[in-house]
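Chemist: Here it is: the structure, laid out below.
The values are calculated or read from the model by the stated rules, or taken from the named source; none is laboratory data. Quick caveat, the model's predicted, so the values are computed rather than measured. For neighbour counting, all protein chains shown are included, and Cβ atoms are generated from backbone atoms with ideal geometry for every residue, glycine included. Just the protein is used for accessible areas: all its heavy atoms, side chains included, with ligands, DNA and RNA removed. Shrake-Rupley method; radii C 1.70, N 1.55, O 1.52, S 1.80 Å.
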Amino acid sequence: MNCNRCGNIAVFSRKYSGESLCSCCFSDSIVKKTSKTISKYNMIQNGDVVGVAVSGGKDSLSLLHVLKKMSESHNFKLIAITIDEGIPGYRDEALEIVRNFCNNLDVEYRSYAYKDLFDLTLEESLELRENEKISSCSICGILRRRAIDFGAKDLDVDIIATGHNLDDVLQTFIINVLSGDTNKIGWMESATSTNKMRKIKPFCEIYENEIVFYAFTNEIPFQSEECPHMNEGIRTEIREFLNSLENHHSGIKNSMYGSVMKLIQIVKDANYKQRRVCQKCGNQCTGEICSVCTMLVNLKQDRS
Ligand code: SF4
Ligand code: ZN
């Protein structure tokens with residue numbers, strides 16, 4: 001089959017649109033789509049310093065690759081930020097991949113460790129947790145958000161960009177619905193601004209399988225080994241469920257994404273009046289103390 005755009009040999013079929021694309025036109029389509037999302041949500045402004053949260057996985061390295069291409073013709077600067085959770089045997093390989101990738105792209109790179117910031121590695125936090133129902137990823141996610149905020153302030157960046165793709169957005173939405181935590185849906189925007197720090201998800205309108213193919217066809221050396229905690233939560237089951245729906249009904253993830261965006265706005269507006277500021281850290285939250293500060297205080301109490 002030939003590429004619908006240039007006639008070369010096609011290597012990717014975009015089932016939901018019926019397009020067949022060669023490697024070059026496919027990569028070009030990902031860069032253009034990302035650029036469209038960035039403009040639509042006004043994600044990056046002239047002169048911004050963009051901190052890209054890079055884990056060493058396919059999404060974040062592909063995002064850095066795409067943003068680097070864009071930065072060559074636009075006025076913004078990139079810094080890669082990596083968080084070292086302290087997961088034995090897993091994160092070291094990723095840090096090495098990120099370091100080499102950033103050197104090749106000529107992007108500045110900084111790493112921050114949970115141990116330095118919280119005096120706890122992820123593994124130590126997991127040992128201290130009293131409530132076994134709190135998943136490793138919930139604890140890790142809370143600590144990571146705080147660590148990234150710290151890195152962003154330390155490096156004085158204007159925005160944090162993360163590699164969340166369309167599948168991640170849908171999975172997170174379903175997790176929030178299933179856990180009964182509807183308030184969290186209001187915090188799921190693709191471009192948010194809390195305490196002046198903007199957070200953006202430039203891949204939020206791109207399917208996960210397309211990011212995988214982008215990384216593959218651009219020979220991006222992402223970490224293939226999964227985190228040992230990866231399958232502890234419900235996310236993997238939801239991912240498989242959504243993939244199976246998409247296989248039988250192509251485009252269904254795109255239409256669900258449209259609905260999710262509308263619902264996020266509705267919940268956000270409903271939440272707006274309840275928004276307060278955490279007494280400990282000053283971040284926005286819906287109670288007296290935010291979830292990050294509550295969790296850190298509990299973990300440290302358990303240790304002493
Ligand atoms: Fe952390 Fe979970 Fe990701 Fe592992 S899979 S790095 S525990 S969020
Ligand atoms: Zn082509």
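Chemist: Take the chain, compute every pairwise Cα distance, and split them into 10 Å bins from 0; I just need the percent in each bin.
Modeler: 6, 25, 36, 25, 7, 1, 0
Chemist: Tilt of helix 136-155 relative to the longest C-alpha principal axis of the chain, in degrees (0 to 90, nearest 10)?
Modeler: That works out to roughly 80 degrees.
Chemist: Can you tell me the FRET efficiency between Ser71 and Glu96 if r is taken as the Cβ-Cβ distance and R0 is 22 Å, rounded to the nearest 0.05? Mind dumping the intermediate values first?
Modeler: Values: r = 24 Å, r/R0 = 1.09.
That pair, Ser71 with Glu96, gives E of 0.35.
Chemist: Against the 2.2 N^0.38 Å scaling, with N counting residues, where does the stretch 195-271 land? I'd like the Cα-based Rg ratio to two decimal places. Intermediate results must be reported in sequence, preceding the final value.
Modeler: On the way: Rg = 15.8 Å, N = 77, 2.2 N^0.38 = 11.5 Å.
Normalised Rg, Cα atoms only: 1.38.
Chemist: Now for a separate question. For the stretch 11-17, in order, what is each residue's ³J(HN,Hα) by Karplus, 6.51 cos²θ - 1.76 cosθ + 1.60 with θ = phi - 60°, in whole Hz (x at glycine and Pro)?
Modeler: 10, 9, 10, 8, 4, 5, 10
Chemist: Now for a different question. Convert 25 °C to kelvin, take the viscosity as 0.890 mPa s, use the Kirkwood radius over C-alpha pairs of the stretch 87-183 as Rh, and evaluate the Stokes-Einstein diffusion coefficient in µm²/s, rounded to a whole number. Mind dumping the intermediate values first?
Modeler: Numbers: Rh = 15.8 Å.
Using the Kirkwood radius from Cα pairs, D works out to 155 µm²/s.
Chemist: Expected output is a single nm value to one decimal: the length gained when fully extending between Lys262 and Glu127, i.e. 0.36 nm times separation in residues minus the C-alpha distance. What is it? Intermediate values should be presented prior to the final figure.
Modeler: Working: separation 135, 0.36 × 135 = 48.60 nm, distance 3.92 nm.
Length gained between Lys262 and Glu127: 44.7 nm.
Chemist: In nm, to one decimal, how far is the modelled label at Thr192 from the one at Glu219, with both set 7 Å along Cα→Cβ?
Modeler: My value for the distance between the label points is 3.9 nm.
Chemist: Keeping the other protein chains in place, figure out the carbon and sulfur percent of the accessible area of the stretch 1-153, with a 1.4 Å probe. List each step's numbers first, then the result.
Modeler: Numbers: 3600 of 7440 Å².
Ligands and nucleic acids excluded, carbon and sulfur give 48 percent.
Chemist: While we're looking at this one, here's another question. Give the accessible surface of the chain per residue, rounded to a whole number of Å², with probe radius 1.4 Å and ligands, DNA and RNA excluded.
Modeler: Numbers: 15400 Å² over 304 residues.
Roughly 51 Å² per residue, with all protein chains present.
Chemist: Tell me which residues come under 5 Å, amide H to amide H, from Asp84 once H is placed; ignore anything under 5 positions away on its chain.
Modeler: Tyr112, Ala113, Tyr114
Chemist: I'd like the per residue volume of the convex hull spanned by the Cα atoms of the stretch 1-138, given in cubic angstrom.
Modeler: Cα convex hull per residue, to the nearest whole number: 180 Å³.
Chemist: Also, quick follow-up: Across the stretch 201-207, in residue order, what do the Karplus-derived ³J(HN,Hα) couplings come to in whole Hz, using 6.51 cos²θ - 1.76 cosθ + 1.60 with θ = phi - 60° and x for Gly and Pro?
Modeler: 10, x, 9, 5, 10, 10, 4
Chemist: Any idea what angle helix 23-40 forms with the longest principal axis of the chain, computed on alpha-carbon atoms, 0 to 90 degrees, nearest 10?
Modeler: It works out to around 50 degrees.
Chemist: Find the all-direction average of the projected area of the Cα convex hull for the stretch 98-248, expressing the result in square nanometres with one decimal place.
Modeler: Quarter of the Cα hull surface area: 10.8 nm².
Chemist: Starting from the eigenvalues of the Cα gyration tensor, five times each then square-rooted, give me the equivalent ellipsoid semi-axes of the stretch 172-304, largest first, whole Å.
Modeler: On the way: eigenvalues 183, 89, 52 Å².
Its equivalent ellipsoid spans semi-axes of 30, 21, 16 Å.
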